[in-house]
Number of protein chains: 2
Amino acid sequence: MTVNTAVDIGKVLQPVQAGLRLVEEKMRTLETSLFAPLASAFIDLIGSGGKRLRPALALMAAEVTGGLHPTADYPRVVSLAASVEMLHTATLVHDDVIDGALLRRGAPTLNAIWNRGATVLAGNYLFARAAALAAETDNTRVIQIFSNTLEIIVDGELHQLFARNNYHQDKEEYYQRIYAKTASLFCAATEAAAVLAGSPAPVVEQLKQYGYNLGMAFQIVDDILDFTGDADSLGKPAGSDLRQGTLTLPFFHFIQQHPQPDQVVARMDDAYRQAEDGDESTLHRIVAEIVAELRASSAIEAARGEAITFLDRARANLAHLPDNEYKVSMLDLCDFVVQRTY
Amino acid sequence: MTVNTAVDIGKVLQPVQAGLRLVEEKMRTLETSLFAPLASAFIDLIGSGGKRLRPALALMAAEVTGGLHPTADYPRVVSLAASVEMLHTATLVHDDVIDGALLRRGAPTLNAIWNRGATVLAGNYLFARAAALAAETDNTRVIQIFSNTLEIIVDGELHQLFARNNYHQDKEEYYQRIYAKTASLFCAATEAAAVLAGSPAPVVEQLKQYGYNLGMAFQIVDDILDFTGDADSLGKPAGSDLRQGTLTLPFFHFIQQHPQPDQVVARMDDAYRQAEDGDESTLHRIVAEIVAELRASSAIEAARGEAITFLDRARANLAHLPDNEYKVSMLDLCDFVVQRTY
């Protein structure tokens, strides 16, 4: 694949800009009874939400078929889109408690400011809002997609927590993990939106698959960036997944290509052991060394190749949909995802 | 009110015993994909669930009107009842993280065995299961009741966390707090069950109010028991609410009747301050003294009087319902709740 002209994400999101504004408004509508000092904290939290890729996907998937009724169906799609983003935000808040992470997207996390209990509750409040927004779609199939996705995400996080530092996991486990972590919510957004748009079953399935494939590629790219990014753009030093014992696709390729994989594992094991005993400096040094070796190897290229395969499938999922501005944006999103790795 | 003959809770629950068995089965049906070592931990967690009062209320409220269709409607009521209990269990698990409590119902909490991150996720998994069970009712009104209740509960916990050690709160705030903490889920159970049974609006409202009034009384009684119980039956020393800075109805009455309320507040404030500085022994001593003074005062009797008022209202809510074994049990439950305080 040749590198495309840089995709401007602002342009890609243009067709759903008006919808995204409604989603923002919807997300900011909290219960009026909410304890006042918390309301503003929540608004900040919800406001720090990056590109709103997940709600954009829901809006695009609902519109691309051309069957959406603007007054009857659209408000439900907006509720769905807000629900999906709210669920995403809730998991990020709890991730902070689980990881003890102090920085996310460059800003101090809630956990660093509030105490642990308040952070758990803040995440729960966002879960509750997400559930309420899903219920607003008034569509039991959509609500079932929502609650199943929540189960998949949490189950995946439990797996990840207990699979830490486990070198015996295979690539299939990695795929299952990133499906649970990222792709499940992407495809919930596109599937549920297609359901709300009244799309026929085969179209719902293709749009679901599009979300799945885009989501898988998106997470692989995120995992690549954790090795190739610099601390400034990542908001944390490179190799943070590895430092936390989370093994990702580039590392699997690195190990596979390595002449002495056992040696790499032994080095890491030793570093983790020392970190557990309170000396983190060895772990930091070893991870920095492995990040450098991995960058110099072909592991990044191999991982990117897998992302590109998922994106090719995502494009194919759109083949039979009508040509319109939404489809153009959905195709452009595929280019955008991989572009971040160059 | 004279003390009734002791109510046998086993007998009270007899009419819904078969339904409660289905609820247990439903609650134990976890996703087969769940990480195996976790599945058994969850089963233990779900299994330690006391009397199943909340699901019993749902089953009774659905049956009392006599309109339930055994094959069409009953499985949905079972899903609702399981959802309500699962939500309750989820909040207990997170409470352990929030409070840092190490004992609940006499057994070590998950938090004492697992690490904090796993406990947060375990609670989330139970929330997700609760949402999925609510979605199984296939009734959007029921799902909306469920998600609204989740918001009320979490909002209430946030209030409670931030209102700790606040002597300026009034009784209205206490009522709002115990509504959020306990009565909201009791009345969600009875309201949603009545909806599933196809009851007319006024009946739904009366059953909802019954759940509310019973729930308010139940929590007031729990708060009384925290002062009057002994460490063995409570699974924790008496006065634990006060020790955590959570002010409850008996304490409000105690302060109101006290000749020098400012002195009590000053003693508590001093004890909290010392506890914050690392010396918990003063707090333990002062709380033990206040517990003894409060028991000797008429505060318990005054608080019990308020519980009885709620129970009288709960009985009145049932006045126009047909006389059957479910109604008898719902009336007996009112006696059971207050009986625990004698």
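Bear in mind these aren't lab numbers, they're just calculated from the coordinates by the rules spelled out. Keep in mind that what you see is a predicted model, and the values were worked out from it rather than measured. Backbone-built Cβ (ideal geometry, glycine too); neighbour counts: all protein chains shown.
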Worksheet entry | Electrostatic dipole magnitude of chain B [Cβ: Lys, Arg +1; Asp, Glu -1; Cα centre; debye, to 20] | 680 debye
Item to complete: Would you mind ranking A:Lys26, B:Lys327 by Cβ crowding within 10 Å, fewest neighbours first?
Response: B:Lys327, A:Lys26
Worksheet item: Can you tell which of A:Val338, A:Val142, B:Pro70 lies farthest toward the positive end of the dipole of the protein assembly as shown, using +1 and -1 charges on the Cβ of basic and acidic side chains (Lys, Arg; Asp, Glu)?
Response: B:Pro70
Worksheet entry | A:Glu205-B:Ala288 pseudo-label distance in nm [points 7 Å out on the Cα-to-Cβ vector] | 7.0 nm
Worksheet item: If the chain between B:Ala18 and B:Asp312 were fully stretched, how many nm would it gain, using 0.36 nm times the residue separation less the Cα-Cα distance?
Response: 103.0 nm
Worksheet item: How many nm separate the modelled label positions at B:Arg295 and A:Glu172, each set 7 Å beyond the Cα in the direction of the Cβ?
Response: 6.1 nm
Fill in: Rounded to the nearest 20 debye, dipole of the protein assembly as shown from Cβ charges on Lys, Arg, Asp, Glu
900 debye
Fill in: chain B - mean residue ellipticity at 222 nm from DSSP helices (-39,500 (n - 2.57) per run, n ≥ 4, rounded to 500)
-23000 deg cm²/dmol
Discussion item. Report the gain in length on full extension from A:Ala266 to A:Ala231: 0.36 nm times residue separation, minus Cα-Cα distance, nm rounded to one decimal.
Written reply: 10.0 nm
Item to complete: Order by neighbour count: B:His253, A:His94, fewest other Cβ atoms within 10 Å first, most last.
Response: B:His253, A:His94
Worksheet item: Hey, if you put +1 on the Cβ of every Lys and Arg and -1 on every Asp and Glu Cβ in the stretch B:23-339, which of B:Leu249, B:Val93, B:Ser233 ends up farthest toward the positive end of that dipole?
Response: B:Val93
Fill in: Rotationally averaged projected area of the protein assembly as shown (alpha carbon convex hull; nm²)
31.7 nm²
Item to complete: Could I have the simple spin-label model distance between B:Glu325 and A:Ser281, label points 7 Å from Cα toward Cβ, reported in nm to one decimal?
Response: 7.4 nm
Response to the item:
Residue by residue through the stretch A:274-285, the couplings from Karplus 6.51 cos²θ - 1.76 cosθ + 1.60 with θ = phi - 60°, in Hz, x for Gly and Pro, are 5, 5, 4, 7, x, 9, 7, 5, 4, 4, 4, 5
Worksheet item: Rounded to whole Å and sorted largest first, what semi-axes of the equivalent ellipsoid does the C-alpha gyration tensor of the stretch B:23-339 yield via the square root of 5 times each eigenvalue?
Response: 35, 25, 15
Item to complete: One decimal, nm, shortest first: give the distances between the label point of A:Ala319 and those of the same position in the other copies, each label point 7 Å from Cα along Cα→Cβ.
Response: 7.1
Item to complete: Under a 10 Å cutoff between Cα atoms, tell me which one of B:Leu121, B:Leu185, B:Leu247 has the largest fluctuation in the Gaussian network model of chain B.
Response: B:Leu121
Discussion item. Using +1 at the C-beta of Lys and Arg and -1 at the C-beta of Asp and Glu, which of B:Thr119, B:Pro200, B:Cys187 has the Cα lying farthest in the positive direction of the dipole of the stretch B:23-339?
Written reply: B:Pro200
